[in-house]
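Asker: I am attaching a structure below and will ask some questions about it afterwards.
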Amino acid sequence: MNPSTRRKRLVAAGVVATALSVAGTGAAMAANGAKAAPEAAVTEPAPAVEDVTEDEAWLAEVPEGYSPELSASLWAAGYTYEDLEALGALWGIGWMETKTRAGQMLLDGVEIPVAPGSTPVTPFPSEEEAAVFADAGYTPQDAAALGALWGTDSWEAKVRASQALLAGETLPIPPGGSVIP
């Protein structure tokens, strides 16, 4: 998974946690007999959104039983994003369902088939590394070809290639030399 998708998912998870907090606050206020604001203070509701973005569609798939506490228990136990990706692949389920299932297993004291911190973390390149690959004339297609050659995804191939270029090494394909059908 590329870092852009990872960041989007992390932001979306934050949105879910915030929404759950707001809903809980509202429920607590209602339970405590909080009075509604006078009608003069009520504003017009926001217009309905016609187009649903990919992130909003993903948010709609929050599984039953999910809670921020389940997620927090995983991070506190030392699980990484990559560990949860490995679990999701093992179980054949999505990100939120993986967090829900694994978090509940952790809280129930059930062994999770992937140990915390056991999955290699994909490094984020430095600014210099991020620029060197493209500056050398390599394309996203070249990254995909290198990934196929090295048995990694395009992102890892780009990081590895950038580090090799910075070390003065020659890559197995020339810049712009990949043609992917």
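Asker: Please find the FRET efficiency linking SER118 to GLN163, where r is the Cβ-Cβ separation and R0 is fixed at 25 Å, and quote it to the nearest 0.05.
Answerer: 0.60
Asker: For LEU90 and GLU128, what does the FRET efficiency come to when R0 = 30 Å and r is the distance between their Cβ atoms, rounded to the nearest 0.05?
Answerer: The computed FRET efficiency comes out at 0.25.
Asker: Right, something else. Given the convex hull over the Cα atoms of segment 127-166, what projected area results after averaging over all orientations, in nm²?
Answerer: 2.3 nm²
Asker: Loop only by DSSP, 13 or fewer other Cβ within 10 Å of the Cβ. Give me the GluC sites (Glu not before Pro) in segment 78-148 that pass, ordered by residue number.
Answerer: Hits after loop and neighbour filter: GLU111.
A short reminder: the numbers here are calculations on the coordinates, not readings from a lab. Predicted, not measured: the structure shown is a model, and the values here were computed from it. Don't worry about glycine lacking a Cβ; one is built from the backbone with ideal geometry, like all the others, and counts go over all protein chains shown.
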